[in-house]
Structure formats: C-alpha cells, structure tokens
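Reading through the structure tokens given below for one structure.
The values are calculated or read from the model by the stated rules, or taken from the named source; none is laboratory data. Note that this is a predicted model, so its numbers are computed, not measured. Every residue, glycine as well, gets a Cβ built from its backbone with ideal geometry; the counts of neighbours run over all protein chains shown.
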Amino acid sequence: MSTMTITIERTPRTLQVGDNAIQVEELGIRLPFARKPADLGEVGGQGQTRIYVTETKELTTAEFDAFARSLLVSCDWLRGKGGGTGDGYLCVEVTAPGRPYLYVNPEGGDYARYVARLG
C-alpha cells in the first residue's frame, strides 16, 4: 500500500475577535462543515467555509477513533474554543497517525458542534 502526501498552504494571520487579537493559521482551502454530526459518517455537506486553525490537538489512533465515533460527547480540550469570524470558523485541528484531519468548531461548547474533514 502506498501513502499519499497532500500539502495544504497555511498562512499565519492575526484576527481581531471582539477586544482580542488572536494568532491563527488560515488554511489555503475551504471545506464543507456538518452541524452536530453524531460520527464521521455524517461529516461533509454543502458550502465551502474558510478555516482558521487556532491550535492542533494530536491524538493516538485509539483516541481519534473513539472521538470520531461519538462527536457529540463532551471533551475538556474543546471547552470554550471555536467561534465564527463572519467569513470563517475558528477551529481546533484534530489529527492522528493514518487518520483524516478534522477541523472542529465547538462554538464555545465542549463538543464537536461543527466539523469538517480533510482526507
């Protein structure tokens, strides 16, 4: 089996969110987001949304698989993060070896309220 490497351009940006300036990386592509998906099978959909990565959460494959099976379960590491910027979403990038990249916008909650998938 061969592996494929995809390189996505990432541009450092400073966004003004309320009174705060935050450092993000804007992805060079836009992806469709699913609202409140139960699992990865429900991720996808219509539209193309700009993605601003605020941080990357690296999981083991077992942790990733458990997260991906139950996207509506509370996660301490998502609490209070995410949000919208008018033209995009502030997202936690979720990665694990051999798994797709997930872009999660919890909208200030503690679960994967909006999710996009790459790969």
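For segment 14-26, a residue qualifies if it is part of a strand (DSSP E or B), closer than 19 Å to E107 by Cβ and modelled with pLDDT under 95, and the qualifying residues are L15, Q16, V17, N20, I22.
Residues of segment 62-78 that are surrounded by fewer than 13 Cβ atoms within 10 Å (Cβ to Cβ), over 17 Å from R35 (Cα atoms) and touching a residue at least 24 places away in the same chain (Cβ under 8 Å): D76 alone. Annotation note: Cβ proximity below 9 Å between a residue of segment 87-108 that is among the charged types (D, E, K, R) and a residue that is in a loop (DSSP other than H, G, I, E, B) (sequence gap 6+ or interchain) occurs for R99/L59; R99/G119; E107/K81; E107/G82; E107/R113.
Find the residue count for segment 48-79, including only residues that are under 27 Å from P12 (Cα atoms) and either modelled with pLDDT of 95 or more or part of a strand (DSSP E or B) (or both). Reasoning before the result, please.
To start, the set of residues in segment 48-79 that are under 27 Å from P12 (Cα atoms) comprises 48-60, 64, 75-79.
If we keep only those that are either modelled with pLDDT of 95 or more or part of a strand (DSSP E or B) (or both) too, we end up with 49-60, 64, 75-79.
Number satisfying all stated conditions: 18.
For segment 36-61, give me each residue that is over 16 Å from D110 (Cα atoms), among the charged types (D, E, K, R) and surrounded by fewer than 14 Cβ atoms within 10 Å (Cβ to Cβ). E42, E58, listed by residue number.
Checked against the criterion of being crowded, with 21+ Cβ neighbours inside 10 Å, assigned to a strand (DSSP E or B) and in contact with a helix residue (DSSP H, G or I) (Cβ under 7 Å, 6 or more places away or on another chain), the candidates V104, V92, V115 yield just one match: V104.
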